[in-house]
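**Q** Pasting in a structure now, in structure tokens, and then I'll have a few things to ask.
Values in this text are rule-based calculations from the coordinates and carry no lab data. Remember, predicted model here, so these are calculated numbers, not experimental data. Cβ atoms come from the backbone with ideal geometry, glycine included; neighbour counts cover every protein chain shown.
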């Protein structure tokens, strides 16, 4: 599977950012939200900001980590796995070897969480 490159020109990236932004706006307008909805809204806002500002691979990596964890909190395992896959795709693009190593460790922790008990 080819890695999805989060660029302004990529229609899938634009769709993901627009959808995340629209969902966040909808959730923000609700009079009451659950903690899970708050987590998801903030993670989607983070990712949208990173994509809009052409953030580097490391920033995008952690935006997707926040999204994966928010989906785990909401018990949306399949969607959390998609964010995990994006993190995996972004890892080789992180230039600094020490930072990439740190990210690999975080990816490993999330992998264990996704596997469950």
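**Q** With the Cα gyration tensor of region 58-102 giving a ≥ b ≥ c as the square roots of its eigenvalues, does the rule (a/c under 1.5 for rounded; else a/b larger than b/c for prolate; else oblate) give rounded, prolate or oblate? It would help to have the intermediate numbers written out before the result.
**A** Working: a/c = 3.25, a/b = 2.40, b/c = 1.36.
Cα axes put region 58-102 in the prolate bin.
**Q** Rounded to the nearest 0.05, what FRET efficiency do residue 99 and residue 54 give with R0 = 22 Å and r taken as the Cβ-Cβ distance? Could you check? Write down the numbers at each step before the final one.
**A** Numbers: r = 18 Å, r/R0 = 0.83.
Approximately 0.75, to the nearest 0.05.
**Q** Any idea how far apart residue 34 and residue 88 come out in nm if each label point goes 7 Å out from Cα toward Cβ?
**A** About 2.8 nm, to one decimal.
**Q** Mind running the shape call on region 21-117? Use the C-alpha gyration tensor, a ≥ b ≥ c as the square roots of the eigenvalues: rounded below 1.5 for a/c, prolate if a/b tops b/c, oblate otherwise.
**A** Working: a/c = 2.83, a/b = 1.40, b/c = 2.01.
Oblate is the answer for region 21-117, as a/c is 1.5 or above yet b/c matches or exceeds a/b.
**Q** In nm, give the distance between the simple-model label positions of residue 23 and residue 113, each being 7 Å from the Cα along the Cα-to-Cβ direction.
**A** Inter-label distance under the simple model: 1.6 nm.
**Q** Over region 27-117, what is the relative contact order in whole percent, taking alpha-carbon pairs under 8 Å and six or more residues apart?
**A** Working: 80 pairs, mean separation 21.9, N = 91.
RCO, region 27-117: 24 percent.
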